[in-house]
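Here the structure comes first, spelled out in structure tokens, and everything after it is commentary.
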Amino acid sequence: MPETTPRRLFLADLHLDAAGDARCQRLAELLVAWRHRVEGIYLLGDITELWIGDDDDGEVACWFTALLSDTTRHCPVYLMQGNRDFLYGKRLAESTGVQLLADPFLTADGLLLSHGDAWCTDDVAYQQFRDTVRNSTWQTEILSRPLEDRRQFGAALRAESRRTNANKPARIMDVNGETLAAAAHGATSVVHGHTHRPECSPWHDGQRLVLGAWDNGVGWFGLQTGQRLSLHLFSLARRYESETAHPGW
Ligand SMILES: [Mn+2]
């Protein structure tokens, strides 16, 4: 008998930047709807648009921290850093009960999870930037600065990223197939986000699930049911009650 109960829920690229807006409301509703139906909720990066440290006392950070604390009382929550929220740390994990995941992370049943930015190796300038901001010495220095300095620094990084991304050819902002194949050696299926190119397709002997960004009025999430992955979308405009499996997926 094939399994029919979803085991894992996957989310990425919500880019939350305003506490209380429609995306925050839909996320809270979605987690309430699913937290008793799955064995684990996997947040695979860029859930928030910016994370300047676990001591951030801004509205989005406080709201998100409270949401994590509430959710872990019902269901295990796994959190991976993205390219915007790469400063999630131990203090957040300890205060909320989430478990931080390394990127990439291979589950015991052969699912490779990643935010996805590390596999965009055609974007050489981005990989150099990533090496810098993922360096622990760099992170320690940044985190030692006052919150207000970090806020300004984060805003400058976002502006710079928008400016440079606007001038990059689309193809270099996608995952490099050879990089992915090498990274996923030994995995049966892959789940990632980052590229904002949602798809769920056959991949080697398994599947590749790419989560979509929450924008243009549409939210996305992934499910694992047995060994099968599926991609789902729903409207951000009204209360989350149910989703639609994407046609053909
Ligand atoms: Mn990203």
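The values are calculated or read from the model by the stated rules, or taken from the named source; none is laboratory data. Since this is a predicted model, take the numbers as computed values, not measurements. As a convention, Cβ positions derive from the backbone with ideal geometry for all residues, glycine included, and neighbour counts pool all protein chains shown.
Just one of the numbered conditions (1) assigned to a loop (DSSP other than H, G, I, E, B); (2) of a type outside the set (Val, Ile, Thr); (3) within 18 Å of LEU30 (Cβ to Cβ); (4) within 16 Å of the ligand (Cβ to nearest atom) is not true of ARG238; which one?
(4)
Go through the stretch 109-130 and count every residue that is part of a loop (DSSP other than H, G, I, E, B), more than 13 Å from the ligand (Cβ to nearest atom) and more than 24 Å from LEU31 (Cβ to Cβ).
Kept after step one, since they are part of a loop (DSSP other than H, G, I, E, B), are these residues of the stretch 109-130: 109-110, 114-116, 120-123.
Pick out the ones that are also more than 13 Å from the ligand (Cβ to nearest atom) and you get 109-110, 121-122.
Narrowing the set further to residues that are more than 24 Å from LEU31 (Cβ to Cβ) leaves 110, 121-122.
Count: 3.
Tell me which residues, restricted to the stretch 25-57, are more than 16 Å from the ligand (Cβ to nearest atom), at pLDDT 95 or above and of a type in the set (Gly, Ala, Ser).
Result: ALA28, GLY40, GLY53.
Where in the stretch 1-97 are the helices (runs of 4 or more DSSP H), entirely inside, with at least 3 residues that are of a type in the set (S, T, N, Q) and touching a Ser or Thr at 6+ places or on another chain (Cβ under 9 Å)?
Of the helices (runs of 4 or more DSSP H) lying wholly inside the stretch 1-97, those with at least 3 residues that are of a type in the set (S, T, N, Q) and touching a Ser or Thr at 6+ places or on another chain (Cβ under 9 Å) span 59-72.
Does the stretch 131-146 contain at least one residue that is basic (Lys, Arg) and either part of a helix (DSSP H, G or I) or in contact with a Ser or Thr (Cβ under 9 Å, 6 or more places away or on another chain) (or both)?
Checking the stretch 131-146: not a single residue is basic (Lys, Arg) and either part of a helix (DSSP H, G or I) or in contact with a Ser or Thr (Cβ under 9 Å, 6 or more places away or on another chain) (or both).
Between ALA156, ALA166, ALA170, which is modelled with pLDDT of 90 or more and either surrounded by fewer than 16 Cβ atoms within 10 Å (Cβ to Cβ) or within 15 Å of the ligand (Cβ to nearest atom) (or both)?
The match here is ALA156.
Looking at the stretch 133-141, is at least one residue in contact with a helix residue (DSSP H, G or I) (Cβ under 8 Å, 6 or more places away or on another chain), among the small types (Gly, Ala, Ser) and on the phi < 0 side of the Ramachandran plot?
Step one: filter the stretch 133-141 for residues in contact with a helix residue (DSSP H, G or I) (Cβ under 8 Å, 6 or more places away or on another chain), giving 133, 138-139.
Keeping just the survivors that are among the small types (Gly, Ala, Ser) gives none.
No, the stretch 133-141 contains no residue that is in contact with a helix residue (DSSP H, G or I) (Cβ under 8 Å, 6 or more places away or on another chain), among the small types (Gly, Ala, Ser) and on the phi < 0 side of the Ramachandran plot.
For the stretch 73-84, name all the residues that are modelled with pLDDT of 95 or more and either among the charged types (D, E, K, R) or crowded, with 17+ Cβ neighbours inside 10 Å (or both).
Listed by number, the residues that qualify are ARG73, VAL77, TYR78, LEU79, MET80, GLN81, GLY82.
How many residues are within 19 Å of ASP46 (Cα to Cα) and not hydrophobic (A, V, I, L, M, F, W, C) if we restrict to the stretch 98-110?
3
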